[in-house]
Amino acid sequence: MRVGIVGAGQLGRMLAQAGSRLGMQFNFLDPSHEACAAEFGKLICTTYGDAEGLFQLAEQSDFITFEFENVPPRAVERLAMQTPTQPGALALATARDRWAEKTLFQQLDIPVAEVRKVDSQEELAAVVAKLGLPLICKTRTLGYDGKGQKRLLQESDLANTFSELGEVPLIAERMVNFSQEVSIIAVRNHEGEVRCYPLAINEHRRGILHSSTPAPEHPLNSMAQSYIMATMDALHYVGVMAFEFFAVDDQLLANEIAPRVHNSGHWSIEGSECSQFENHLRALCDLPLGSTLSREPSCLLNLIGARPDYQALLAIPGVHLHDYGKQARPGRKIGHITLTASNSALLNERRHQVEELLVNDLGDL
Ligand code: AMP
């Protein structure tokens, strides 16, 4: 089977690593010559909207998928006409636009923080007058790792927000005083069968994911499962999806979905019977879904901006190191560690040892 992936970063790389064990071959389309998945397949180096490049990708592949949701919707439609492509145009168009996402959640009765769309500085002033402060403004598209956002804590923060965020369509939402950030990852196949990984507790530092810890006993698992299943059904979704929430007391408020494999599920490579990467490919290529049960307690820790001492790191039992082969730059994800242990107490002990060694450089926002 030949799989074409739009995007050739670390997600494409880990998809290819999982798929090559199943005998799959990979083609990538990515604008960067240095894309880190390229060594695992053939790279078509061009922009995401390039018609000729997309045609080549579709011609050389039996199935197409994405590691990156910000693909022009026309490009998705063009690919899908030529070669089976998942997730589909509706899912991608919804997930790439924060307003479309929030609208869908509300239609599905999934609670969200109160939110408005904002298309000008004047509209923002009107929204602030209505909702009050604090608010958080986010660009509707292309934001990631806390980029494309501004927090409005007091009246004086309001000035120039629209121009500072690039004069593009925005949403403004109430700041949530959450107790935890959590996410759930699920996979859905062509028949509508869904399997969920356990809810993961996520810790961000300066808007970038620092750690993710699966919590199979978390009381909000079944609520998160019902929300992601409803969303996947509404989008006729095939493949892996991630859904991020704010936990407030015993409720979940929906933040956003990612129509792809997700950083908060990387622990599944060693922590689960079948990883999110393999399950995404199984769903795409119409193979039976794998078990999402956990093998043993695990967690993910990201390597950001700088490499720690690998000699010391690899001396700690239960460390599974994934280096993406990328040049280190402040704020850039260059690898991750899955940490495993036979019980939670031991996992925590090992985690402290690993955290001591991390030298993450988060850069400036
Ligand atoms: P996002 O890109 O929407 O995932 O936002 C990045 C990070 O900003 C989140 O992981 C939260 O830590 C924080 N954040 C986003 N939206 C809100 C909100 N409405 N209230 C409080 N914190 C937020």
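Tell me which residues, restricted to segment 149-183, are in contact with a Lys or Arg (Cβ under 8 Å, 6 or more places away or on another chain), in a loop (DSSP other than H, G, I, E, B) and more than 16 Å from the ligand (Cβ to nearest atom).
If the condition is that a residue be in contact with a Lys or Arg (Cβ under 8 Å, 6 or more places away or on another chain), in a loop (DSSP other than H, G, I, E, B) and more than 16 Å from the ligand (Cβ to nearest atom), then no residue fits.
Please list, ordered by residue number, the strands (runs of 3 or more DSSP E) wholly in segment 1-52 having 1 or more residues that are polar (S, T, N, Q) and open to solvent by 10 Å² or more (accessible area, probe 1.4 Å).
Output list reads 25-30.
Given the structure, is Ala58 open to solvent by less than 50 Å² (accessible area, probe 1.4 Å), in contact with a strand residue (DSSP E or B) (Cβ under 7 Å, 6 or more places away or on another chain) and not β-branched (Val, Ile, Thr)?
Yes.
The conditions are (1) within 27 Å of Val71 (Cα to Cα); (2) under 20 Å from the mean Cα position of the chain (by Cα); (3) within 16 Å of the ligand (Cβ to nearest atom), and Ala186 fails exactly one of them. Which is it?
(3)
Take the residues in segment 194-223 that are within 16 Å of the ligand (Cβ to nearest atom) and assigned to a loop (DSSP other than H, G, I, E, B); name whichever of them is farthest from Lys138 (Cα to Cα).
Result: Leu199.
What is the number of the single condition among (1) open to solvent by less than 30 Å² (accessible area, probe 1.4 Å); (2) away from the ligand (no atom under 15 Å from the Cβ); (3) acidic (Asp, Glu) that Glu191 does not meet?
(1)
Condition test on Arg96, is it among the charged types (D, E, K, R), within 23 Å of His280 (Cβ to Cβ) and either buried (at least 19 other Cβ atoms within 10 Å of the Cβ) or away from the ligand (no atom under 14 Å from the Cβ) (or both)?
Yes, satisfied.
The values are calculated or read from the model by the stated rules, or taken from the named source; none is laboratory data. All figures in this text were calculated on a predicted structure; none of them were measured in a lab. For neighbour counting, all protein chains shown are included, and Cβ atoms are generated from backbone atoms with ideal geometry for every residue, glycine included. SASA here: full protein model, heavy atoms, side chains in, ligands and nucleic acids out. Shrake-Rupley method; radii C 1.70, N 1.55, O 1.52, S 1.80 Å.
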